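Read-outs throughout are calculated quantities, based only on the coordinates presented, and are distinct from any laboratory measurement. Just so it is clear, the structure is predicted and the values come from calculations on it, not from any experiment.
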Amino acid sequence: MWSAAAAAAMGAAGVGMVDCHCHLSDPDFDQDLDDVLEKAKKANVMALVLVAEHSGEFEKIMQLSERYNGFVLPCLGVHPVQGLSPEDQRSVTLKDLDVALPIIEKYKDQLLAIGEVGLDFSPRFAGTEEQKEEQRQVLIRQVQLAKRLNLPLNVHSRSAGRPTISLLNEQEAETCETVAFNFNLLRNRFTCPRT
């Protein structure tokens, strides 16, 4: 079930656009976020779906969704690539997810979706089969969470299109509306109906 804020934003009268994947919690937006949001509104953007990459930004995402209620719609999840700076980036671990789960549970009734989750098999991040398997396990647990909470997924997929689709199918993610960010996947649209 969609949150009241999400339902209001999605059901607003008129024609407009929804940005289904943005990272406004990034520090790059700290100085001009109000201007960015005002420009979006003037461009007829009706809502912004704010996705997470790591648990360290969850509280900021929730604060932004409260501050811009009905316009900024929050998603919390653990991205397959962790690390704040490019030189610190690494493949996700189950420990990363374990830190995130209590915070997701805390805000579950305010979320639009679980995300950004997925698989990233770029050799830089997942150079071993063990790293790929751990990414799979993290994604499986987040699919299960989304199903339990009756929330859609916002899915990242890079260098892992077929494995991502296979895993979502195996986990019967059809109860989740899934957005995949991988140009190869766009040819093979994978969207599960929301029930």
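By what distance, in whole Å, do the Cα atoms of segment 42-99 stretch along each of the three principal axes, largest value first?
Extents along the principal axes, in whole Å: 38, 22, 14.
Report Rg(Cα)/(2.2 N^0.38 Å) for segment 88-176, keeping two decimals. Mind dumping the intermediate values first?
Numbers: Rg = 12.7 Å, N = 89, 2.2 N^0.38 = 12.1 Å.
Scaled against compact globular proteins, the figure is 1.05.
Pairs of alpha-carbon atoms within less than 8 angstrom and 6+ residues apart define the contacts here; what relative contact order does segment 56-166 have, in percent? Don't skip to the end; give the middle numbers.
Working: 150 pairs, mean separation 32.0, N = 111.
29 percent.
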